[in-house]
Amino acid sequence: MAADAAAAAMAAASLCDDLEPATARTRIRDVLAAGTARAGDRVVVGGWVRTGREQGKGSFAFLELSDGSCAATLQVIVDAAVHPLARLTATGTSVLVEGDIKEPPEGTKQNVELKVSRVLEVGEVDAAVYPLPKGKVKLTLEKLRDVVHLRSRTNTIGAVARIRHQLAYASHTFFDENGFLYVHTPIITTSDCEGAGEMFQVTTLFSQAEKTEKELRENPAPSDSEIEAAKFLVKERGDAVAQLKAAKASKQKISAAVDELNRAKEIVSKLEERSKLKPGIPLRDDGSIAFENDFFKRQAFLTVSGQLQVETYACALSSVYTFGPTFRAENSHTSRHLAEFWMVEPEIAFANLQDDMNCAEKYVQYLCKWLLDHCREDMEFMVKNYDKSAIERLELVSSTPFVRISYTKAVELLKNVTDKKFDNKVEWGIDLASEHERYLTEDIFKKPVIVYNYPKGIKAFYMRLNDDDKTVAAMDVLVPKVGELIGGSQREERLDVLKQRILDAGLPLEPYEWYLDLRRFGSVKHSGFGLGFERMILFATGMENIRDVIPFPRYPGRADL
């Protein structure tokens, strides 16, 4: 067995003989973390030059190198004898270098530096057109959105990317530790989870129409006379076959005549098919769009939530979650809205609203604690540059029980506020605005708040109707800086009640028959929630605009790359 394994390994290695040797690159984060303990070690590092300057009358250069593994840069020293310095110092240049880790002179801010002995690779930059500035000069975050393909090279977007990664990793870790299974729900759906109608349509009807119009321009549809002529030819060919059979002609002659008849019939069929081609989107007799001609033979949309689909797995596997992109075709230009964003959506069987709130609170606290333990350097960058209270906020939320109040109580508290005039009037039955949510968390309680039992008229059809017939078992987790971070509910498990709620929402039953089946066949009490992932990043970092915490923001008028 061992001999066979060794032979297999040698055979596999021989297949790679024509490839370059792998690069044993050391991350800058690891070099800096080890500090002077690795002084004298020879390493290979790669990265992009943040700043570069020639010194000693052009005899050597200092490069501040970043590879994205951490917020800090590594100071690299290159002698002119090793490589032409002018090719290395421009901001944005990529280099792969080999050298020795050294202790810098006393009084310098670096704890280690790299003395380069070989420059292995260089990706040069035309400094005259490179859009990112050198050194301490900064572009605004708004301006950086115009170079979204390069903005990840900046300190801010790099820090956001690392924080985003850690929050995603922490999410998967939390749910795995608590017995949840990760389920991939579809991005294309035929169900409207929210019933708001603000969905992106998925269709091939437009491309089909363009293709048809192009075909008709190049090859116009046949006229009635052309079709009649083709049909007359079919009749002639049919008569010829009949005559040959009556004359008891040879099988060969009859077979040839039948082939000609079939070809004539095929021509008629194609002509009739082409005659049906019409320019534009296909319509039904009543003028509505004929979606039966679309790719999925019905209307389809980009999902606004994976919740309904993941419920099917909760009703079989108990504790599940989905984590993926969701879409809203809402023409909103606020700093809190995107057309494409990510949602974390757990679903728990045999769970009521209290269980749901417990899970949500535990999850948010876990994320905050994770960032404090695993992302301290980047969080300190955020404190220094964007929000002085960011770390304090994470410490507060990670260690403090959340306040829980009913919607009715929240409205009562807000109506009694005298030190602030709200832009949106507070009254029972309204959906709380962001200013109301933030006032509850930042001014009244000064900590996260879970508001529960909302009026049924402002919540989705799938939320469980309470016994008062006025409210549903819904809850929102409100946090400082952002307002609503999580929305969730106990789901309606009673078939008759759910049917009526769908109808009351003005939705047809047919698309939700599969959803109703979950109540017909082994219905179970279950609950879940959705966390807006970008809102969690806003909350953690103190960044002001949601467009700056997602790698490739999509919003009205912008879908770059």
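Across region 305-439, how large is the tail of the calculated P(r) beyond 27 Å, expressed as a percent of all Cα pairs? Mind showing how you got there, number by number?
Numbers: 3875 of 9045 pairs.
Tail of P(r) above 27 Å: 43 percent of Cα pairs.
How much accessible area does W428 have with a 1.4 Å probe, in Å² rounded to the nearest 10?
Near enough 110 Å² of accessible area.
Given that just one value was derived from the coordinates, which of (i) 19, 48, 27, 6, 0; (ii) 16, 35, 28, 16, 4, 0; (iii) 22, 53, 22, 3, 0 is P(r) over Cα pairs in 20 Å bins from 0, in percent?
(ii)
Rounded to two decimals, what is Rg over Rh for region 202-293 when you use alpha-carbon atoms and the Kirkwood radius?
Result for region 202-293 is an Rg/Rh of 1.20.
Just how large is the dipole of region 429-561 about the Cα centre, in debye to the nearest 20, putting +1 at every Lys and Arg Cβ and -1 at every Asp and Glu Cβ?
Dipole of region 429-561, to the nearest 20 debye: 240 debye.
Give me the accessible area per residue for region 202-293, probe 1.4 Å, as a whole number in Å².
74
Provide the gained length on full extension for the span I289 to L317, in nm with one decimal, where the gain is 0.36 nm per separating residue minus the Cα-Cα distance.
Here the answer is 6.1 nm.
Take the Cα atoms of region 17-123, find their three principal axes, and give me the spread along each one in whole Å, biggest first.
48, 31, 24
About its Cα centre, what dipole magnitude does the chain give when the only charges are +1 on Lys and Arg Cβ and -1 on Asp and Glu Cβ, stated in debye to the nearest 20? Mind showing how you got there, number by number?
Values: 74 positive and 83 negative charges, 113 e Å.
With Lys and Arg at +1 and Asp and Glu at -1, about 540 debye.
Could you check what % of the DSSP bridge pairs in the chain are antiparallel, to the nearest 5? Show your work: numbers first, answer last.
Details: 67 of 77 bridges.
Around 85 percent of the beta bridges assigned by DSSP in the chain are antiparallel ones.
In sequence order, what are the phi-derived ³J(HN,Hα) couplings for region 139-154 according to the Karplus relation 6.51 cos²θ - 1.76 cosθ + 1.60 with θ = phi - 60°, rounded to whole Hz, with x for glycine and proline?
After applying 6.51 cos²θ - 1.76 cosθ + 1.60, I find 8, 5, 4, 5, 5, 5, 5, 7, 10, 4, 6, 10, 5, 5, 7, 7 Hz.
In nanometres, what is the gap between the two model label sites at Q201 and N111, each 7 Å from Cα along Cα-to-Cβ?
It is 5.9 nm.
Report, for region 17-123, the % of DSSP beta bridges that are antiparallel, rounded to 5. The partial results should precede the final answer.
Values: 29 of 33 bridges.
Antiparallel: roughly 90 percent of the beta bridges in region 17-123.
Dipole of region 17-123 (Lys/Arg Cβ +1, Asp/Glu Cβ -1, origin at the Cα centre): which of G99, Q110, V76 lies farthest to the positive side?
About the Cα centre, the residue reaching furthest to the positive side is Q110.
For L120 paired with H165, estimate the spin-label separation in nm (one decimal), with each label point 7 Å from Cα along the Cα-to-Cβ line.
1.9
Just read off the accessible area of I430 with the full protein assembly in place, 1.4 Å probe, to the nearest 10 Å².
Only protein atoms counted, so the area is about 40 Å².
Would you mind calculating the relative contact order of the chain from Cα pairs under 8 angstrom and at least 6 residues apart, reporting the percent as a whole number?
Computed over the chain, the figure is 13 percent.
Can you give the extra length, in nm with one decimal, that the chain gains between D259 and K143 once fully stretched, where that is 0.36 nm per residue apart less the Cα-Cα distance?
34.8 nm
When the Karplus curve 6.51 cos²θ - 1.76 cosθ + 1.60 is applied with θ = phi - 60°, which whole-Hz ³J(HN,Hα) does each residue of region 422-432 get, with x for Gly and Pro?
My calculation for region 422-432 gives 7, 5, 10, 4, 9, 7, 5, x, 8, 7, 4 Hz in order.
Show me, for region 454-462, the HN-Hα J-couplings you get by feeding each phi into the Karplus relation (A = 6.51, B = -1.76, C = 1.60, θ = phi - 60°), rounded to Hz, glycine and proline as x.
7, x, 5, x, 10, 10, 5, 5, 7
Taking a label point 7 Å from the Cα of N358 along the Cα→Cβ vector, which residues of region 289-319 have an amide N closer than 16 Å to it?
Within reach of a label on N358: 319.
Distance in nm between label sites at N178 and E236, each 7 Å beyond Cα in the beta-carbon direction?
For the pair N178/E236, the computed spacing is 8.0 nm.
What size of dipole, in debye to the nearest 20, comes out for region 17-123 about its Cα centre when the only charges are +1 on Lys and Arg C-beta atoms and -1 on Asp and Glu C-beta atoms?
Charge dipole, region 17-123, about its Cα centre: 380 debye, nearest 20.
Report the number of Lys pairs in region 202-293 whose alpha-carbons are under 16 Å apart, with separation of 8 or more residues or on distinct chains.
So the count works out to 10.
Just going by the charge dipole of the chain, with Lys and Arg at +1 and Asp and Glu at -1 on Cβ, which of I289, G158, L353 is farthest out on the positive end?
Farthest towards the positive pole: G158.
At a 1.4 Å probe, what is the % contribution of carbon and sulfur to the accessible area of the chain? Display every interim value, and only then the final one.
Numbers: 15290 of 29260 Å².
The nonpolar share, carbon plus sulfur, comes to 52 percent.
Amide H to amide H, which residues 5 or more places from K525 or on other chains are under 5 Å from it, using H placed in the peptide plane?
The list, which skips near neighbours in sequence, is F350.
The values are calculated or read from the model by the stated rules, or taken from the named source; none is laboratory data. Please read all numbers here as calculations on a predicted model, not as lab measurements. Note: ideal-geometry Cβ built from the backbone for every residue, glycine included; neighbour counts use all protein chains shown. Each accessible area value is taken on the protein alone, full model and side chains, heavy atoms only, with ligands, DNA and RNA left out. Shrake-Rupley method; radii C 1.70, N 1.55, O 1.52, S 1.80 Å.
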